[in-house]
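See structure below.
Derivation of every value follows stated rules applied to the coordinates shown; laboratory data play no part. Note that this is a predicted model, so its numbers are computed, not measured. Don't worry about glycine lacking a Cβ; one is built from the backbone with ideal geometry, like all the others, and counts go over all protein chains shown.
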Amino acid sequence: MSFQTDFSITELAERRKRLASSLPEGAVALIPGAETPRGSTLFRQFNDFYYLCGVEQPGCYLTISHTGESVIYLPEDDHSTFSASNPAHVTQTTGLQAVRPLAMLTRRLQWLRILYFPSREGEGERESWDCLERWRQATLNDPLDKRRGRVGQIAYNLRAEFPYIEIRDLSPILDEMRAIKSESELVLMRRAGELTGLAVVAAMQATQPGVIEYELYAEMEYVYLRGGARGPSYSPIVPGSANAGDSHYGANNCRLDDGDIVLADCAPDYRYYTSDIGRMWPVNGVFSEKQKSLYNYVLAYHQTLLPMMRPGAMRQDIHRMAAETMRPVFETWEFASKEQRETAACLFDFWDHVSHGVGMCVHDVSLHHNRPFEPGMVFAVDPMAWDRKNDTYFRVEDTVVITETGCEVLTRSCPLTVEDIEATMRVNRPR
Ligand SMILES: [Mn+2]
């Protein structure tokens with residue numbers, strides 16, 4: 001496929017127009033697309049590029065001038081559906097104003113004074129901006145490697161080749177735009193959220209003592225693929241009790257035993273959009289009293305946070321208000337032990353209940369951290385009782401979108417309460 005079908009060409013044109021209106025006179029934005037895949041993997045476009053024009057073809061560039069003119073530069077590759085030798089086909093399909101061969105791009109740049117270019121690395125398969133930053137730092141610090149990533153390398157080359165062009169950061173403009181999801185983006189995010197929840201249901205129903213963590217992941221991936229997703233949007237995290245404290249555990253190769261609890265943190269890449277979830281359930285299908293008391297407490301915290309998600313709310317106020325609401329609940333809660341009570345107390349000081357943004361990648365831009373919530377912002381609500389000292393860990397994570405009046409939970413297809421989880425696990429359980 002060369003061109004997406006999920007957004008109208010009018011909506012894509014409006015995005016480009018909005019970007020153009022953020023540029024000063026005479027400036028041009030340059031957005032690089034993803035390169036040709038190195039292995040036998042399906043090509044996946046960079047998110048920013050896809051967001052602005054929907055073209056899925058390796059090695060392309062997009063320019064948007066402050067007047068709104070958008071031009072796509074295509075590598076000269078006659079195997080492609082989209083080809084610079086058939087400009088009418090490209091412009092009619094995409095709504096872009098012009099198509100040119102890639103060789104003409106440097107000529108276009110020569111005359112520029114101000115160029116807007118992303119500082120963020122392009123997000124591709126299973127990639128979020130934060131993991132890309134870590135990768136870029138690691139390779140740059142390696143004295144014999146020094147790679148910068150595709151986008152970083154292009155920026156470096158532009159500075160070397162056109163030292164007189166002032167290069168400004170395009171990423172904050174794109175972050176602003178991508179942080180607020182349109183209705184057509186939310187259609188995809190609802191489906192991504194639904195698949196995320198249904199996949200956890202499948203994993204719950206396949207759980208029994210003796211199962212290996214990766215078997216549960218396999219159940220989830222099956223649901224993604226059956227549902228039309230290309231696979232997971234990040235490396236799946238399916239730790240049993242022994243590994244639950246490691247929030248980025250990914251080996252998924254340990255056996256789950258009677259009495260253990262298991263966490264699933266996994267979501268699909270569904271037509272360039274994703275979701276995020278964290279659910280925990282008992283391997284034997286029934287929460288012990290001890291597990292139940294802490295799980296229910298974290299759930300109560302979660303259910304205190306959700307109604308506070310509405311337009312105009314501020315993250316730090318919500319953290320404070322939730323702590324105030326939960327303080328008297330905590331005082332009278334019957335915890336199973338002193339250690340458990342200490343673990344639960346961690347929630348008051350946890351700083352990330354209203355967590356990262358979610359969108360085209362699982363750790364999407366997070367503009368809701370320090371400004372009032374707006375309709376269309378999507379993020380994870382993820383209260384966590386995480387006690388390294390006592391080696392216990394409980395969390396309940398959902399992805400929500402802010403609406404005009406409150407919020408909508410995108411991952412609500414996944415059971416949440418002890419009763420619903422246990423009832424889910426009784427269905428089709430192998431005996
Ligand atoms: Mn998360």
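Quick one: helix 9-21 against the long Cα principal axis of the chain, what's the angle to the nearest 10°, folded into 0 to 90?
80 degrees
Rounded to whole Å, give me the distance from the Cα center of the range 335-361 to that of the range 127-164.
35 Å
Within the chain, how many Lys pairs that are eight or more residues apart, or on different chains, come under 26 Å at the alpha-carbon?
6
At a 10 Å Cβ-Cβ cut-off, how would you order C346, C361, fewest neighbours first?
C346, C361
Positive end of the dipole of the chain, charges at C-beta (+1 Lys, Arg; -1 Asp, Glu), about the Cα centre: which of A192, Y249, V238 has its Cα farthest in that direction?
A192
Projected onto the charge dipole of the chain (+1 at Lys/Arg Cβ, -1 at Asp/Glu Cβ, origin at the Cα centre), which of I9, M360, Y301 gives the Cα projection farthest towards the positive end?
Checked the options; the winner is I9.
Please name whichever of L115, L132, T405 sits farthest to the positive end of the charge dipole of the chain, dipole taken about the Cα centre and charges placed at Cβ: Lys and Arg +1, Asp and Glu -1.
Farthest along the dipole direction, towards plus: L115.
For the range 319-431, evaluate the Debye formula with one uniform point scatterer on each Cα (no solvent term) and list log10 I(q)/I(0) at q = 0.22 Å⁻¹, rounded to two decimals.
-1.26
Run the numbers for R341 and D77: contour at 0.36 nm per residue of separation, minus the present Cα-Cα distance, in nm.
Full extension from R341 to D77 adds 88.7 nm.
Taking every alpha carbon pair in the range 2-140, what does the distance histogram look like in 5 angstrom bins from 0, in percent?
With a bin width of 5 Å, the distribution comes to 2, 10, 19, 22, 21, 15, 9, 3, 0.
In nm, give the distance between the simple-model label positions of R108 and D130, each being 7 Å from the Cα along the Cα-to-Cβ direction.
3.5 nm
I'd like the distance separating the alpha-carbon centroids of the range 286-332 and the range 5-77, in whole Å.
Result: 42 Å between the Cα centres.
Would you kindly state how much longer the chain becomes between W386 and V286 on full extension, computed as 0.36 nm times their sequence separation minus their alpha carbon distance, in nm to one decimal?
33.8 nm
What ranking do 217-229, 120-132 get when scored by the average of other Cβ atoms within 10 Å per residue, highest first?
With the highest mean Cβ count within 10 Å placed first, the list reads 120-132, 217-229.
Just to verify a number: FRET efficiency for R426 and V329, C-beta to C-beta distance, R0 = 25 Å, to 0.05?
0.30
Can you work out the FRET efficiency for the pair S40 and R310, with r the C-beta to C-beta distance and R0 = 51 Å, to the nearest 0.05?
0.65
Report, in deg cm²/dmol and to the nearest 500, the calculated mean residue ellipticity at 222 nm for the chain, where each DSSP H run with n ≥ 4 adds -39500 (n - 2.57) and the sum is divided by the residue count.
Result for the chain: -11500 deg cm²/dmol, rounded to the nearest 500.
Any number yet on Rg/Rh for the chain, C-alpha, Kirkwood?
1.01
Mind checking the dipole of the chain: about its Cα centre, +1 per Lys or Arg Cβ, -1 per Asp or Glu Cβ, Debye to the nearest 20?
780 debye
Mind checking the dipole of the range 9-178: about its Cα centre, +1 per Lys or Arg Cβ, -1 per Asp or Glu Cβ, Debye to the nearest 20?
It works out to roughly 280 debye.
Give me the orientation-averaged projected area of the Cα convex hull of the range 183-426, in nm², one decimal.
11.9 nm²
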